[in-house]
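Contents: one structure, followed by commentary.
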Amino acid sequence: MTSNPSTEQLHTWDSQHYWHAFTQMQEYEPFILERGEGVYIYDIHGRRYLDACSSLWCNIHGHQHPTIDAAIKRQLGKVAHVTSLGVSNPTTITLAKKLVDLTPSELDCVFFSSDGSSAVEVGLKLAFQYWRQRRDAPSDRRDLYLAVGNAYHGDTLGSVSVGGVSRFHAMFSPLLFDVIHGPCPDTFRVPPEFDLDADDPDSLRQLSKYYLDEYRKLFEQFGDRIAAVIVEPLVQCAAGMVVQPAGFLRGLKELTQEFDSLLIADEIAVGMGRSGTLWACEQESVAPDILCAGKGLSGGYLPMAATLTTREIWDAFLGEYSESRSFFHGHTFGGNPLCAAAALATFEVFEQEKTLENAQRQSAILKRLLDPLLDYPHVGDVRVQGMMAAIELVQDPHTKAGFPWSAKKGYELCDLALERGVWLRPIGNVVIVMPPLCSQESHMREIVQALEYALRRMWS
Ligand code: PMP
């Protein structure tokens, strides 16, 4: 009976039974997407939308890419699932080696999970257990994490503990463990005592130093207790595409070295080419001790995430079974071979289609097209880093004061852009523009035209 529901049934069931993420179900209006092709996605009425949010920041090579589809089908012809608990399979082994080859040389070992939040949980737990099991310093029992202000690392309680987006996280604060939060290394809203010239690299370097000095103070105070520092390298996406000043990531890495701590780089949103290089860390020549990847890892096709570590961390978990030094953590579908096949095919397409080169070209085009939007009355900032961009709406351009979140200005703008066939999602007053990395100039124009249409409708 339920195999071919009517459109009306789908609408009714969708609003009554399907609890959507980050969605007020009382106001939800069904938006039911049925089919994707390249950078476009089609709803059940056959209407076409440009997927300018990459289906929540994860699609890389477009929908229904023949190479990825074929790889998944080939794997289906072998086996759909093999657990990672004491068992292996050729596809996931090959992916582990591929990841080790494609990440900084210090990263040698891969732990798979099914989503970004879990990859972060794994990174946090590995760091914690590592300090308890280091053979050379068994009494070093670090119990704190240092997180960056306004960070977002996922929605599970561990990842929320190291997060700092209060609109999402404040509700759960009684449930969270203690974490030290440093300042948010923002380049748009800078501390009042700092006079930034955003076009001057020197001024940005000084801003970076300003923030790093604050982090140094935290290290001086808590250094011997900090198990790891966790950071979204270069751009804090869910904070509203906060772009960090150049040198911040490098400086944070140096602090972890000076104070003998670990650096966890959460590359879940910025990795897989999103920032303009395969990993954002590359841009500051940083090799983290732990790297979390997700979202685009499977091309945005299937739920897969990975936590990479150094050999030194791996070694701390070795020992006789009776010593109980294993990592007692595992997700049913971690390392699933269908997901691994999609991920391997994703890397293959990176080479075939020279995806990084295209993304860098399109990023420059996107910046050129988006910058003129600053002339619209309530556009306070335009930020572009690789294939991640944002326009921030402000109530008052002089003070940079935002609209109250309850005014839903970001949503209003996205709804209007949808009328023009461009699918975007906002975070508060920030409209995030993240098209698939395979997008071409015509797609960039389509996106910016829809934004212009929406801005004109809102404020002309
Ligand atoms: N880290 C970052 C930086 C993210 O942006 C996200 C998700 N937006 C996550 C972690 C969590 O990933 P997931 O939604 O796959 O759990």
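Listed conditions (1) in a loop (DSSP other than H, G, I, E, B); (2) in contact with an Asp or Glu (Cβ under 9 Å, 6 or more places away or on another chain); (3) within 16 Å of the ligand (Cβ to nearest atom) are all met by Ala265, apart from (1).
Summed over segment 302-319, residues that are buried (at least 24 other Cβ atoms within 10 Å of the Cβ) and out of contact with any helix residue (DSSP H, G or I) (no Cβ under 7 Å at 6 or more places or on another chain) total 0. Restricting attention to segment 274-332, the residues that are of a type outside the set (A, V, I, L, M, F, W, C) and in a strand (DSSP E or B) add up to 3. Set side by side, the residues Gly271, Gly299 differ, and just one is within 12 Å of the ligand (Cβ to nearest atom), modelled with pLDDT of 95 or more, open to solvent by less than 20 Å² (accessible area, probe 1.4 Å) and closer than 17 Å to Leu344 by Cα, which is Gly271. Mind counting the residues in segment 101-148 that are over 19 Å from the mean Cα position of the chain (by Cα) and under 23 Å from Cys339 (Cβ atoms)? Summing the residues that are over 19 Å from the mean Cα position of the chain (by Cα) and under 23 Å from Cys339 (Cβ atoms) in segment 101-148 gives 6. Residue pairs whose Cβ atoms lie under 9 Å apart, separated by 6 or more positions or on different chains, with the first residue in segment 179-203 and surrounded by 16 or more Cβ atoms within 10 Å (Cβ to Cβ) and the second assigned to a strand (DSSP E or B) and hydroxyl-bearing (Ser, Thr, Tyr), are Val179/Tyr145; Ile180/Tyr145. Within segment 1-22, can one find any residue that is assigned to a strand (DSSP E or B), more than 16 Å from the ligand (Cβ to nearest atom) and either among the acidic types (Asp, Glu) or at pLDDT 95 or above (or both)? So far as segment 1-22 goes, no, none of its residues is assigned to a strand (DSSP E or B), more than 16 Å from the ligand (Cβ to nearest atom) and either among the acidic types (Asp, Glu) or at pLDDT 95 or above (or both).
With respect to the stated conditions, Ser118 is open to solvent by less than 30 Å² (accessible area, probe 1.4 Å), hydroxyl-bearing (Ser, Thr, Tyr), within 16 Å of the ligand (Cβ to nearest atom) and more than 12 Å from Ile230 (Cβ to Cβ). So, in segment 292-344, how many residues would count as being over 27 Å from Val79 (Cβ atoms), of a type in the set (Gly, Ala, Ser) and in contact with an Asp or Glu (Cβ under 7 Å, 6 or more places away or on another chain)? Number of matching residues: 0.
Checked against (1) more than 16 Å from the ligand (Cβ to nearest atom); (2) assigned to a loop (DSSP other than H, G, I, E, B); (3) among the basic types (Lys, Arg), Lys253 meets all criteria but (2). Scanning segment 181-231 for residues that are among the polar types (S, T, N, Q) and within 24 Å of Tyr152 (Cβ to Cβ) returns Thr187, Ser208. Ala246 - would you say it is touching a strand residue (DSSP E or B) at 6+ places or on another chain (Cβ under 8 Å) and among the small types (Gly, Ala, Ser)? So Ala246 fails the test.
From the list Leu369, Leu338, Leu356, the one residue that fits, being of a type outside the set (Asp, Glu) and within 20 Å of the chain's Cα centre (by Cα), is Leu356.
The values are calculated or read from the model by the stated rules, or taken from the named source; none is laboratory data. Being a predicted model, the structure only gives us computed values, none of them experimental. With ideal geometry, Cβ positions are generated from the backbone for all residues, glycine too; neighbour counts draw on all protein chains shown. Just so you know, the surface numbers come from the protein's heavy atoms only, side chains and all, with ligands and any DNA or RNA stripped out. Shrake-Rupley method; radii C 1.70, N 1.55, O 1.52, S 1.80 Å.
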